[in-house]
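Heads up: the structure comes next, in C-alpha cells.
What follows draws every value from the coordinates through simple rules; no lab data is involved. Quantities reported herein were computed from a predicted structural model and do not represent experimental measurements. Counting neighbours? That spans all protein chains shown, and the Cβs are built from the backbone with ideal geometry, glycine included.
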Amino acid sequence: MFNPKYPVLTLAILLFTFSSCQPEKPKAEKTVDKNKFVFKKEQQHFAKASDGCKSDSAECATIEMNFPQFKEKGAIFQQINDSILHYVKTALTFEDEEIEASMNLNDLGNRFIQDYNEYTAESKSQATEDNSDPFITGWSIETEGQVTFESPKAVSISLSNYTYTGGAHPNSNITLLNYSVLTGKPLKIKDLVSNQSKLVQLAEQKFRKTLELAANANLNDQGYFWDGKFQLPANFGIVEEGLLFFYNSYEIAAYAVGPTDFVLTWEELGDLLDMSKLK
C-alpha cells in the first residue's frame, strides 16, 4: 500500500512511464526555479534485446535502463557516479553471479541475453524429451533512476527496478541512495539522526497514521511485520518534504500488500535531524 499523501518516487516514475507513451505535444517554454540548487547531470540510457525480439517472438529478452550521472568535476562526484552505476549493474545479475571490476553494462547485458538463450535452449530440449510443447516466457529488466534531492551538501537518488525472468510474478523494488557531496560517501540514517530510539518512536507513529492503524493495534494482526514489532527500513531517501522511508514488497508484509512508504517531514523531525549534513 503506497502512502496516498506522499507518493514521491512512485508518482514520478509513473508520470515518466505515462508521458513516454503519449503522442508528442508542443514543447512549452521551460521555467526554472532560480532558488532551487541543482548540479549538472545527465540521464544515461542503456538498452539491449535478444534476437527473438526482432520477429515478434515469445522468445524475447529485453533490457531498458535510465539512470542519472553527475557531470560535475572532481573525484567526489566520480565516486558517487561509480556507486550509482554499481547499483544499476546489480539489476543485470542473478544472485549467484559476480560483477567483475572490468565488466561494463554491455558485458552484463550480453551475459543476461546469453543466460536467456541457454534457458530457451534447455526448455526446448526438455520439451523434446517429454514429447511436449516448450513453455518459454520472455525476460525483462527495467531500471528507472532519478535524483530526488540535491543541495550543496547532499544528494539522494532513487532506482526503481522491475525484473521478470519467469515465475508467478515479476520482482519490483526501489533502492534509495544518499550521498554526502562533501566526501562522496553514503549517508546513513545514523549520520543524520543520532537519537535512533526517538526516531523509531516517531516513525512508528507516522507509520500507523499513514496506514490508519490504531495506536494500540497489533501490527502482525494487521498484516505487517512478521514478529509484530515495528522496525525502520534500511531503505530511506531524502526528498523535498523530508525523509522518505520505503519498505519494498515482501519486506514487512505479503506480496499482495505491495510496497509501503511514509515521509517524516522536516517539521516532524525537528531537532532530531542534523540539518547541517543536508543544507
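Using Cα pairs closer than 8 Å and at least 6 residues apart in sequence, work out the relative contact order for the range 214-279, in percent. Before the final figure, lay out the partial values.
Details: 69 pairs, mean separation 15.1, N = 66.
Rounded, it is 23 percent for the range 214-279.
I want the local charge near ALA234. Using Cβ-Cβ distances under 13 Å, sum +1 for each Lys or Arg and -1 for each Asp or Glu among the other residues.
Values: positive: LYS188, LYS190; negative: GLU251.
Result for the neighbourhood of ALA234: +1.
Please arrange ILE238, ILE99 by counting, for each residue, the other beta carbons lying within 10 Å of its beta carbon, fewest first.
Taking fewest neighbouring Cβ atoms as first place, the list is ILE99, ILE238.
Residues with beta-carbon under 13 Å from that of LEU108, excluding LEU108: net charge, scoring Lys, Arg +1 and Asp, Glu -1?
Working: positive: LYS48, LYS89, ARG111; negative: GLU97, GLU98, GLU100, ASP107, ASP115.
That sum, taken over residues with Cβ under 13 Å, equals -2.
Quote the relative contact order of the chain in percent (integer), defining contacts as alpha-carbon pairs under 8 Å separated by 6+ residues. If you can, show how the numbers build up before the last one.
On the way: 407 pairs, mean separation 47.5, N = 279.
Averaging sequence separation for qualifying contacts and normalising by length gives 17 percent for the chain.
Longer than 28 Å from Cα to Cα, which of LYS71/LYS198; LYS185/LYS209; LYS188/LYS229; LYS206/LYS277; LYS40/LYS279; LYS36/LYS185 are they? Say none if no pair is. Walk me through the numbers on the way to the answer.
Values: LYS71/LYS198 38 Å; LYS185/LYS209 33 Å; LYS188/LYS229 22 Å; LYS206/LYS277 23 Å; LYS40/LYS279 18 Å; LYS36/LYS185 23 Å.
Checking Cα-Cα distances, LYS71/LYS198; LYS185/LYS209 exceed 28 Å.
Which of the peptides 40-53, 174-187 is most tightly packed, and how do the rest follow, going by the mean number of other Cβ atoms within 10 Å of each residue? Let's see the in-between values first.
Details: 40-53: 14.2, 174-187: 18.4.
Result, highest mean first: 174-187, 40-53.
Place the peptides 160-167, 266-273 in order of packing, highest mean first, counting for every residue the other Cβ atoms within 10 Å and averaging per peptide. Write out the running numbers ahead of the final one.
Numbers: 160-167: 16.4, 266-273: 13.9.
The densest-packed peptide leads the list: 160-167, 266-273.
Measuring from label point to label point, each 7 Å out along Cα→Cβ, what is the SER83 to VAL38 span in nm?
Inter-label distance under the simple model: 2.3 nm.
In a shell of Cβ-Cβ distance under 14 Å around SER276, excluding SER276 itself, what net charge do Lys and Arg (+1) and Asp and Glu (-1) give?
Working: positive: LYS153, LYS277, LYS279; negative: ASP191, ASP271, ASP274.
That works out to 0.
Quick check for me: using +1 on Lys/Arg Cβ and -1 on Asp/Glu Cβ, what's the dipole size of the range 171-212 about its Cα centre, in debye to the nearest 20?
Values: 7 positive and 3 negative charges, 20 e Å.
Value, rounded to 20: 100 debye.
With the crude spin-label approximation of a point 7 Å out along Cα→Cβ, what separation in nm comes out for THR93 versus ASN110?
Calculated label separation equals 1.7 nm.
Relative to the first principal axis of the alpha-carbon coordinates of the chain, what is the inclination of helix 8-20, with its axis defined by its Cα atoms, in degrees from 0 to 90 and to the nearest 10?
Between the helix axis and the principal axis of the chain, the angle is about 40 degrees.
Mind listing the phi-derived Karplus ³J(HN,Hα) values for the range 231-236, rounded to whole Hz, using 6.51, -1.76 and 1.60 with θ = phi - 60°, and x for any glycine or proline?
Along the range 231-236, the couplings run 9, 5, x, 5, 8, 9 Hz.
Quick one: compute the contact order of the range 95-180, relative version, from alpha carbon pairs under 8 angstrom and 6+ residues apart, as a percent. Before the final figure, lay out each step's value.
Working: 95 pairs, mean separation 16.0, N = 86.
This gives 19 percent for the range 95-180.
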